[in-house]
Amino acid sequence: MILSVASNIHYYEVIVEESPNFIEILASYPQAVYIIDENVWRIYAKTLLKSLPLESVIILPINENRKNLDTVQELYDKLVTLPTKRNLTIISFGGGILQDITGFTASTIYRGINWIFVPTTLLSQADSCIGSKTSLNYHKFKNIIGTFFPPTRIHIYIPFLQTQLASDFFSGFGEVVKLHLMGGQECYWEITKQINAILNRQTKPLLQIIWKSLQVKLSYMAGDEFDTGRRNLLNYGHDFGHALESTSNFVIPHGQAVTFGMIAANIVSQHRGTLDEKMEKEIYESLLLPSLVSRPTKAAIRSDAIIEAMKKDKKRTGDKLALIMMDRHFKFTRVNDLTFEEVTAALLVLEKRLI
Ligand SMILES: NC(=O)c1ccc[n+]([C@@H]2O[C@H](COP(=O)([O-])OP(=O)(O)OC[C@H]3O[C@@H](n4cnc5c(N)ncnc54)[C@H](O)[C@@H]3O)[C@@H](O)[C@H]2O)c1
Ligand SMILES: [Zn+2]
């Protein structure tokens, strides 16, 4: 299965691979260096990745605190010693963190070199690999340094997901759920029917949801690759979600916080009458609740703390809050008139349901 993406930067392809043979082909790619997430290397060095030429492999220990310019400089230091310069190809294996680090490196060294990406987590396979964004953290500010630079090719191989930690898998699943609501009613039904098989990581349903997620994301990016309008709706669930991440001191994984954020946003829609009570409940019970494995504490959903955190949204205007909401037709809009009372009322419902 191949998805072609007409990016403004360069055309690229996402290939869903049925067999691991593509790794052997990548192993003899001319003038390539392989940058691999240390955990992925530890698990797969002797199996899936055994054909890679060791002399060209760079193993990178990663975590969110290493997604910064220092780590990029470590890579520059290694890459500039190689005989190949502008014709070098970076082939990277890992999740979203490795994607951000290697994408930024590839986009800046020699003003941009060829980059092929093999995502190994649910989030990177279903969502981040096609965003064109590379993001680094700067001191305590997350994702504020970056470029727009997609890989030239992305190879998705679903069996990598079998070894992902449950907490990381569920975090990625939050974004997948979001994309399936944003894809409309059919899309929502499809994922709901398969929810148990997906959570048990069966290959076929995983393939279906990954493929669908990429298509929905592309549809929202169409005409807005550089994120000045419609693409911003992909932040559905993130208004309350980001607030909860900070009030929980980042104990709740991102995608789980987004799931919580979608539940809260849907309750606001229901209170405003744009989403029927029955529909809100059905979406909650059939999809959002089964994908929620991390529960916020009572302290993390205190409405004054959540409101304080939501006030920090950079796109906010006036003295009210911003919220991306879905309606009964699965249409998404951003409102800028969310009141503090509405937040408190939604959190009260949530507290009764979840705690
Ligand atoms: N650039 C973008 O468009 C974009 C979009 C969304 C998120 N992100 C970023 O992505 C990051 C999160 O990425 P993620 O959820 O893919 O996870 P990750 O890259 O943070 O990896 C999570 C953990 O899983 C390990 N791992 C990776 N693949 C594995 C596998 N197959 N088996 C076992 N362990 C494996 C990693 O070593 C790491 O410890 C965040 O930094 C976020 O900001 C970027
Ligand atoms: Zn997100």
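The values are calculated or read from the model by the stated rules, or taken from the named source; none is laboratory data. Just so we're clear, the structure is a prediction, and the values are computed from it rather than from any experiment. Virtual Cβ from ideal backbone geometry, glycine too; neighbours counted across all protein chains shown. These accessible areas exclude ligands, DNA and RNA; they are computed on the full protein's heavy atoms, side chains included. Shrake-Rupley method; radii C 1.70, N 1.55, O 1.52, S 1.80 Å.
Data overview
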item	result
Entirely in segment 1-105, the strands (runs of 3 or more DSSP E) that have 1 or more residues that are open to solvent by 30 Å² or more (accessible area, probe 1.4 Å)	2-6, 11-16, 57-60
Any hit, segment 133-147, residues being open to solvent by less than 10 Å² (accessible area, probe 1.4 Å), within 15 Å of ligand 1 (Cβ to nearest atom) and in contact with an Asp or Glu (Cβ under 9 Å, 6 or more places away or on another chain)	yes
Candidates 158, 154 - the one that is farther than 26 Å from residue 244 by Cβ and touching a Cys at 6+ places or on another chain (Cβ under 6 Å)	154
Options 246, 291: the member that is of a type in the set (Gly, Ala, Ser), in contact with a helix residue (DSSP H, G or I) (Cβ under 9 Å, 6 or more places away or on another chain), assigned to a helix (DSSP H, G or I) and surrounded by fewer than 22 Cβ atoms within 10 Å (Cβ to Cβ)	246
Lone qualifier among 215, 270, 208 - being away from ligand 1 (no atom under 16 Å from the Cβ), touching a strand residue (DSSP E or B) at 6+ places or on another chain (Cβ under 8 Å), open to solvent by 20 Å² or more (accessible area, probe 1.4 Å) and assigned to a helix (DSSP H, G or I)	215
Test for residue 184: is it open to solvent by less than 60 Å² (accessible area, probe 1.4 Å), more than 16 Å from ligand 1 (Cβ to nearest atom) and out of contact with any strand residue (DSSP E or B) (no Cβ under 8 Å at 6 or more places or on another chain)	yes
Conditions (1) over 24 Å from the mean Cα position of the chain (by Cα); (2) more than 16 Å from residue 345 (Cβ to Cβ); (3) open to solvent by less than 70 Å² (accessible area, probe 1.4 Å); number of the one not met by residue 252	(1)
